[in-house]
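S.K.: Input: one structure, supplied below.
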Amino acid sequence: MSSTPTLYPMIVAAGRGSRFGAQIPKQYTQLLGKTLLEHSIAALAQSAAIHECLIVISKEDTTAQTLDFALPVRYTTGGAERWQSVQAGLTHIIEAGAAPDDLVLIHDAARPAVSPQDIEAVIDAAHKERYGAILAAPVADTLKQSLTGTPAYIERTIERSQLWQAYTPQVFRIGALQTALDYVAKTGAHITDEASAFESMGLPIRLVSGSRQNIKLTYPEDADLLSAILTTRR
Ligand SMILES: Nc1ccn([C@@H]2O[C@H](COP(=O)(O)OP(=O)(O)OP(=O)(O)O)[C@@H](O)[C@H]2O)c(=O)n1
Ligand SMILES: C[C@](O)(CO)[C@H](O)COP(=O)(O)O
């Protein structure tokens with residue numbers, strides 16, 4: 001394992017934002033006068049460990065290259081699923097010369113409120129791991145599982161003492177992530193984060209407890225909450 005692995009940051013911004021329901025992809029929604037994508041890159045720029053970023057965009061995207069980012073950026077085209085966008089970004093990074101033991105940091109464009117402290121905590125943790133680490137937060141609410149059917153009724157409560165909600169950044173060894181995503185492609189597994197690819201291979205990924213303010217803009221009501229959080233960062 002290299003003594004000083006290089007860190008390759010990537011932001012995934014090739015989604016449609018269908019649950020947000022705007023006319024434009026949610027990464028271009030304005031909060032406090034800037035797009036979500038500009039906010040998320042500015043958040044990465046606050047980390048002393050990050051000096052540039054690869055942005056993964058959809059092939060129809062004509063907006064990203066008109067924006068003003070806080071970091072030097074490069075672009076590559078994403079895929080239909082989020083993991084395929086990550087895989088495309090990984091291929092770009094490997095073709096640019098990354099070594100298998102180097103690290104890739106993957107962050108959602110939809111998470112603009114990640115703190116520099118949390119970014120550095122998950123990077124530090126990944127440096128100590130064979131495979132990687134992710135930001136997450138212990139589940140704080142009582143979780144219910146519903147019966148099938150409408151209206152929804154409770155079937156049972158899920159014991160939550162070992163439950164976490166996963167965030168980004170997620171940071172992995174590049175060679176191991178490439179193998180894990182190839183495994184996902186071969187098995188056709190449906191995954192919503194890269195840690196799941198390692199789990200499907202029985203490989204350990206470290207959980208790093210982070211701020212619950214690192215929310216993802218998913219539904220319309222998330223916009224006011226994120227604007228309030230970002231206002232406190234000014
Ligand atoms: N094919 C995809 C799907 C998602 N993403 C990115 O992954 C992040 C988290 O995904 P999500 O919140 O699900 O975004 P969308 O897929 O755009 O939202 P939705 O599922 O509501 O359509 C977002 O920054 C999104 O742009 C991506 O790069 N490529
Ligand atoms: C990667 C992620 O943000 C961790 O919570 C989440 O899995 C993205 O899921 P989505 O369904 O693509 O929003």
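S.K.: Rg/Rh for the chain to two decimals, with Rh computed the Kirkwood way over all alpha-carbon pairs.
M.R.: Working: Rg = 17.6 Å, Rh = 18.4 Å.
With Rh from the inverse mean 1/r over Cα pairs, Rg/Rh is 0.96.
S.K.: Nothing charged except the Cβ atoms of Lys and Arg (+1) and of Asp and Glu (-1): what's the magnitude of the dipole of the chain about its Cα centre? Round to the nearest 20 debye. Could you put the intermediate results ahead of the total?
M.R.: Numbers: 20 positive and 24 negative charges, 62 e Å.
I would put it at about 300 debye.
S.K.: Here is a follow-up. Please give the per residue accessible area of region 14-54, computed with a probe of 1.4 Å over protein heavy atoms only, in Å².
M.R.: Counting only protein heavy atoms, the per-residue value for region 14-54 is 45 Å².
S.K.: Hey, what does the equivalent ellipsoid look like for region 52-169, semi-axes from the Cα gyration tensor as sqrt of 5 times each eigenvalue, largest first, whole Å?
M.R.: Over the Cα atoms of region 52-169, the ellipsoid semi-axes are 33, 21, 15 Å.
S.K.: Given a 1.4 angstrom probe, I'd like the percentage of the accessible area of region 188-234 that is carbon and sulfur, rounded to a whole number.
M.R.: Exposed carbon and sulfur together represent 55 percent of the surface.
S.K.: By accessible area of protein heavy atoms, probe 1.4 Å, what ranking do 35, 66 get, highest first?
M.R.: Result, largest first: 66, 35.
S.K.: For region 75-142 and region 1-56, what is the centre-to-centre distance using only Cα atoms, to the nearest Å?
M.R.: 11
S.K.: Solvent-accessible area per residue for region 106-195 at a 1.4 Å probe radius, Å²? Kindly include the intermediate steps, with their values, before the conclusion.
M.R.: Numbers: 4510 Å² over 90 residues.
On a per-residue basis, region 106-195 sits at 50 Å².
S.K.: Then there is this: Which FRET efficiency value, to the nearest 0.05, do you get for residue 157 and residue 200 by plugging their Cβ-Cβ distance into 1/(1 + (r/R0)^6) with R0 = 25 Å?
M.R.: Numbers: r = 27 Å, r/R0 = 1.08.
Plugging the Cβ-Cβ distance into 1/(1 + (r/R0)^6) gives 0.40.
S.K.: Using the Cα centre of the chain as origin and beta-carbon charges of +1 (Lys, Arg) and -1 (Asp, Glu), tell me which of 32, 67, 161 is placed farthest towards the positive end of the dipole.
M.R.: 161
S.K.: So who's got an amide H within less than 5 Å of the one on residue 206, skipping anything under 5 residues away but keeping other chains? H placed 1.01 Å off N, in plane.
M.R.: For residue 206, whose amide H was placed from the backbone, the distant partners under 5 Å are 132, 133, 134.
S.K.: Quick one: work out the % antiparallel among DSSP beta bridges in region 120-234, nearest 5.
M.R.: Details: 10 of 14 bridges.
If I count the DSSP bridges inside region 120-234, around 70 percent turn out antiparallel.
S.K.: How would you rank 169-180, 216-227, 193-204, 98-109, highest first, on the average number of other Cβ atoms within 10 Å across their residues?
M.R.: 169-180, 98-109, 193-204, 216-227
S.K.: Of 34/216; 144/216; 34/128; 34/59; 59/216, which pairs sit farther than 28 Å apart, going by alpha carbon to alpha carbon? Can you show the working numbers first?
M.R.: Numbers: 34/216 16 Å; 144/216 21 Å; 34/128 35 Å; 34/59 22 Å; 59/216 23 Å.
Cα-Cα > 28 Å for 34/128; rest within.
S.K.: Ordering 233, 16 by how much accessible area each has at a 1.4 Å probe, largest first, what is the list?
M.R.: 16, 233
S.K.: Starting from the 7 Å offset along Cα-to-Cβ, what nm value, one decimal, do you get for the label separation of residue 42 and residue 124?
M.R.: Once both label points are built, they end up 2.6 nm from each other.
S.K.: Can you compute the modelled spin-label distance between residue 192 and residue 224, with each label point 7 Å from Cα toward Cβ, in nm?
M.R.: Going from the residue 192 label point to the residue 224 one covers 2.4 nm.
S.K.: A follow-up question, please. Computing the accessible area with a 1.4 Å probe over protein heavy atoms, can you report the carbon and sulfur percentage for region 1-159?
M.R.: Whole-percent figure for carbon plus sulfur exposure: 49.
S.K.: Using a Cα-Cα cut-off of under 20 Å, which lysines could be cross-linked to residue 186, ignoring same-chain neighbours fewer than 8 residues away?
M.R.: Excluding near neighbours in sequence, the set is empty.
S.K.: Here's another thing I want to ask about it. For q = 0.25, 0.28, 0.29 Å⁻¹, what log10 I(q)/I(0) does region 144-212 give under the Debye formula with an equal point scatterer on each alpha carbon and no solvent?
M.R.: Debye intensities relative to I(0), on a log10 scale: -1.08, -1.21, -1.26.
The values are calculated or read from the model by the stated rules, or taken from the named source; none is laboratory data. Remember, predicted model here, so these are calculated numbers, not experimental data. Glycine gets a Cβ as well: all are built from the backbone with ideal geometry, and neighbour counts include every protein chain shown. Each accessible area value is taken on the protein alone, full model and side chains, heavy atoms only, with ligands, DNA and RNA left out. Shrake-Rupley method; radii C 1.70, N 1.55, O 1.52, S 1.80 Å.
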